[in-house]
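One structure is given below, represented as structure tokens, and several questions about it will come after.
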Amino acid sequence: GAVVSQHPSRVICKSGTSVKIECRSLDFQATTMFWYRQFPKQSLMLMATSNEGSKATYEQGVEKDKFLINHASLTLSTLTVTSAHPEDSSFYICSASSPEGEKLFFGSGTQLSVL
Amino acid sequence: QKEVEQDPGPLSVPEGAIVSLNCTYSNSAFQYFMWYRQYSRKGPELLMYTYSSGNKEDGRFTAQVDKSSKYISLFIRDSQPSDSATYLCATRLSGGGNKLTFGTGTQLKVEL
């Protein structure tokens, strides 16, 4: 299957700092990427849909000024958690649609811990 | 009511057992059905991908979809300790891009 790379895998930061997470499609171009967050023992919650060259579409209840998404190229989308607080601590996962558009492949996830 | 319901488990089975994992969904418009495996603190890995009703087999894994009862299943034959993970079912609409609706996941433990 298609490979999606996500970095960093783990980040610990102080409250009030901003954290950037990168998501890359390694061997294919992805016009659409998705960002999820997952709390322990819970399912994935879609945060936003990232579209190359245009603004991201955020799900209801997700603060777009808090979670900045940039999809500047066909292989890279970034999620920036601005002014992070302890309640933002979570597992963040990106995904990208396969070239034929039917299947969704996930990155390895980023565990964010805000102290 | 959640759109996709899945028993969170945990489900514990002995090595070699046949495992049955199930989900129900409420939206009859869902057309595509997937099973993902997720190891702890890792991203989900696509295991099975099916369209509409029917069966699909891949090695030790068999996915079944019964649209009349809105019921999807994943069977794992000859289960191994390496199968221990959380299994997530997911669905999506036809023409809905790749916006998936996930179940909560079932935690499986295969014991020696």
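Label points 7 Å out from Cα along the Cβ direction at A:Q42 and A:L26: separation in nm?
3.0 nm
Another one. In a Gaussian network model over chain A where Cα atoms closer than 10 Å are linked, find which of A:I21, A:I12, A:I69 has the largest mean-square fluctuation.
Comparing A:I21, A:I12, A:I69 in a Gaussian network model of chain A, the most mobile one is A:I12.
From the alpha carbon gyration tensor of segment A:1-92, can you work out the equivalent ellipsoid semi-axes (sqrt of 5 times each eigenvalue) and give them in Å, largest to smallest? Walk me through the numbers before you get to the answer.
Details: eigenvalues 89, 43, 36 Å².
Three semi-axes, in Å: 21, 15, 13.
Further question: Hey, how much of the P(r) for segment B:13-112 falls beyond 21 Å, as a percent of Cα pairs? Display every interim value, and only then the final one.
Values: 1481 of 4950 pairs.
Tail fraction, whole percent: 30.
Just round it to a whole percent: the fraction of Cα-Cα distances in the protein assembly as shown exceeding 20 Å. Kindly include the intermediate steps, with their values, before the conclusion.
On the way: 15286 of 25651 pairs.
Result: 60 percent of Cα pairs exceed 20 Å.
If you keep only loop residues by DSSP, which chymotrypsin sites (Phe, Trp or Tyr not before Pro) in segment B:14-111 have at most 13 other Cβ atoms within 10 Å of their Cβ?
Values: sites: B:Y25, B:F30, B:Y32, B:F33, B:W35, B:Y36, B:Y39, B:Y49, B:Y51, B:F61, B:Y71, B:F75, B:Y87, B:F102; in loops: B:Y39.
Of the chymotrypsin sites (Phe, Trp or Tyr not before Pro), the ones in loops of segment B:14-111 whose Cβ has at most 13 other Cβ atoms within 10 Å are B:Y39.
Something else about it: Compute the relative contact order of segment B:43-112 as a whole-number percentage, counting only Cα pairs closer than 8 Å that sit 6 or more residues apart in sequence. Write out the running numbers ahead of the final one.
Numbers: 90 pairs, mean separation 15.2, N = 70.
Relative contact order of segment B:43-112: 22 percent.
Longer than 23 Å from Cα to Cα, which of A:K20/A:K64; A:K41/B:K56; A:K103/B:K42; B:K2/B:K70; A:K14/A:K66 are they? Say none if no pair is. Could the numbers behind the result be given before it?
Working: A:K20/A:K64 14 Å; A:K41/B:K56 28 Å; A:K103/B:K42 18 Å; B:K2/B:K70 13 Å; A:K14/A:K66 16 Å.
Cα-Cα > 23 Å for A:K41/B:K56; rest within.
Under the 0.36 nm per residue contour assumption, what length would be gained going from the current alpha-carbon distance of A:S54 and A:S113 to full extension? Provide the component values of the computation, followed by the final result.
Values: separation 59, 0.36 × 59 = 21.24 nm, distance 2.94 nm.
So the extension gain works out to 18.3 nm.
Throughout, read-outs are computed from the coordinates displayed, never taken from laboratory work. All values reported here derive from a predicted model rather than from experimental measurement. Note that we place each Cβ from the backbone using ideal geometry, even for glycine, and neighbour counts take in every protein chain shown.
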